[in-house]
1. Restricting to the range 1-41, and then to whatever is modelled with pLDDT of 80 or more and open to solvent by 50 Å² or more (accessible area, probe 1.4 Å), can you tell me which residue is farthest from Ser71 (Cα to Cα)?
2. Collect the residues in the range 100-124 that are closer than 20 Å to Ser29 by Cβ and not aliphatic (A, V, I, L, M), keeping them in residue-number order.
3. Being under 14 Å from Val177 (Cβ atoms), surrounded by 24 or more Cβ atoms within 10 Å (Cβ to Cβ) and under 12 Å from the mean Cα position of the chain (by Cα) is the filter here; which residues of the range 100-119 pass it?
4. In this structure, is Arg146 at pLDDT 80 or above, of a type in the set (Lys, Arg) and in contact with a strand residue (DSSP E or B) (Cβ under 9 Å, 6 or more places away or on another chain)?
Amino acid sequence: LAFGQAQNNRRAGNRGGAVDIVGGSLDVSAEVVFTGNSAEVEGGAINISSADLAVRSVSNEVPPARFIDNSAQFGGAIQIGGQTTGALPNPTIDGAVFENNSATGLGGAVGLLGTADVEIVDTRFIGNTANNGGAIYSQTSESFIRSSSDCRAFDFEDSDRYCSEFRDNVADVGSAVV
């Protein structure tokens, strides 16, 4: 499933306020804004279960995917659980912005429960909240969080500023990553 449109103010009972994928894959590679979505349990905006996920910024001309004011118990914006199908390489979040998402439990922006390794590149986490892992909660995966050498997602006037950024995230345990 390829994605390229705004998903706003949607609510789900248990999983995936805007999108719930079980098996298969989800590719978000266009300017998409997920705002104000909620799920009672998993993935306020997107829930991925035993499926593959790619969220990526494809060029400097296309603004990154944005996840704003989404909420759930686990994974305020995105919850990834189970193993991937192998249709896409490791789940990837590249050049996205997560702002003011919340989880009453784990992972204010992103919750990783029993998943394959996830790579998070050139992504900003600002003002997300949870009990554990204000920005990211990772239960078992060996994930990578980094800035690329050619950071294509954001332009900064300050050349010493990195593309991957954790700012003003709040949690009882691990304000940025647990």
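1. The residue in question is Val22.
2. Correct list: Glu119, Asp122, Thr123, Arg124.
3. Answer for the range 100-119, where residues must be under 14 Å from Val177 (Cβ atoms), surrounded by 24 or more Cβ atoms within 10 Å (Cβ to Cβ) and under 12 Å from the mean Cα position of the chain (by Cα): Gly107, Gly108, Ala109, Val110, Gly111, Leu112.
4. Criteria not met by Arg146.
The values are calculated or read from the model by the stated rules, or taken from the named source; none is laboratory data. What you see is a predicted model, and the numbers here were worked out from it, not measured in a lab. Please note: Cβ atoms are built from the backbone with ideal geometry, for glycine as well, and neighbour counts cover all protein chains shown. The area values use the complete protein model at the heavy-atom level, side chains included, leaving out ligands, DNA and RNA. Shrake-Rupley method; radii C 1.70, N 1.55, O 1.52, S 1.80 Å.
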